[in-house]
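**Q** What follows is a structure written as C-alpha cells; I'll ask about it next.
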Amino acid sequence: MTEYGPSDEAILQRLDHQPDLLEVLYRRWARRWTGLVLTAGVAISDVEDVLQVILVEVWQHARRFDPGRGSAEAWLLQIARFRTIDYLRRQKPPFRELPVDVADGLTFLPDESPAGLGDVLDMLAPKERQAIQLLYHYGFTQKEIARMLQVPHGTVKSWIARGLKKLRQTLSREGT
C-alpha cells in the first residue's frame, strides 16, 4: 500500500475483480504515459486515443503481470511503449510515399528538423544518416530499412550504431 492507496502491483492483481481500480492507475500513470507518447512523436491530438489503447491493454492483460518477472512500473511502461510503437507504425506512410527518394539519401526538411540536429546529422556518412532518419524520423524498423536499401540487416545495424556513436560524441563535445 502506498500513501495514495494500494500499490500498482496490488491493483494489477485485483483489477479483474475491481475494474474501478483502473481509474486509480490512470490517475497515477496518465502524465508519465502522455510524456512517453509525445516523446515518441505522436501528435497531441492523438494522445488520448493512444492512452485509451494503453488502458484497455492494461485492463485486459492485468492477470498476466507477474511480480516475479519485474516491477509493475516496468510492465506498465512496456505496454505503453509497445502500444505507442504500434500506433506510430500504423501511421507511417508506405515507402513509396516518402517525401524524399531513398536512393538519393534523406534529409530532414527544415521545419521538421529536431532543434540543433540538422548540422550534426550532416556530419554523418550518408548511409548512417539515411538509416538513422528512416529509423527515428520515419519509424521504420531496422529490418524494413534493410529491405528498402537492399542490404543485410547487420549492415543497417552497424550504420545506425556507428552513426549514433558519432552523434553522441559530437553532442557531448559541444556540451549539448
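**Q** So which residues in region 1-37 are surrounded by 15 or more Cβ atoms within 10 Å (Cβ to Cβ) and closer than 30 Å to Tyr138 by Cβ?
**A** Trp29, Ala30, Trp33, Thr34, Leu36, Val37
**Q** Please enumerate the residues belonging to region 23-49 that are closer than 23 Å to Gln133 by Cβ and touching a residue at least 12 places away in the same chain (Cβ under 8 Å).
**A** Once the filter is applied, which keeps residues that are closer than 23 Å to Gln133 by Cβ and touching a residue at least 12 places away in the same chain (Cβ under 8 Å), region 23-49 yields Leu36, Val37, Ala40, Gly41, Val42, Asp46.
Yes/no matrix, rows are residues, columns are (1) under 25 Å from Gln18 (Cα atoms); (2) in the same structural domain as Tyr138 (by TED's automatic domain parsing); (3) part of a helix (DSSP H, G or I); (4) touching a helix residue (DSSP H, G or I) at 6+ places or on another chain (Cβ under 6 Å):
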| site | (1), (2), (3), (4) |
| --- | --- |
| Leu38 | no, no, yes, no |
| Val42 | no, no, no, yes |
| Asp46 | no, no, yes, no |
| Ile54 | yes, no, yes, yes |
| Gln60 | yes, no, yes, no |
| Arg83 | yes, no, yes, yes |
| Tyr87 | no, no, yes, yes |
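**Q** Filtering region 62-71 down to residues that are part of a helix (DSSP H, G or I) and surrounded by fewer than 20 Cβ atoms within 10 Å (Cβ to Cβ), which residue is farthest from the chain's Cα centre (by Cα)?
**A** Residue satisfying both the conditions and the ranking: Arg63.
**Q** Here's a check for you: in region 131-155, which residue that is over 19 Å from the mean Cα position of the chain (by Cα) and buried (at least 17 other Cβ atoms within 10 Å of the Cβ) is modelled with the highest pLDDT?
**A** Ranking the qualifying residues of region 131-155, first place goes to Ala146.
**Q** Since Phe82 meets every condition but one in (1) surrounded by 11 or more Cβ atoms within 10 Å (Cβ to Cβ); (2) hydrophobic (A, V, I, L, M, F, W, C); (3) more than 18 Å from Phe140 (Cα to Cα), which condition does it not meet?
**A** The one condition Phe82 does not meet is (3).
The values are calculated or read from the model by the stated rules, or taken from the named source; none is laboratory data. Values in this document were obtained by computation on a predicted structure and should not be read as measured data. So basically every Cβ, Gly included, is an ideal-geometry build from the backbone, and we count neighbours across all protein chains shown.
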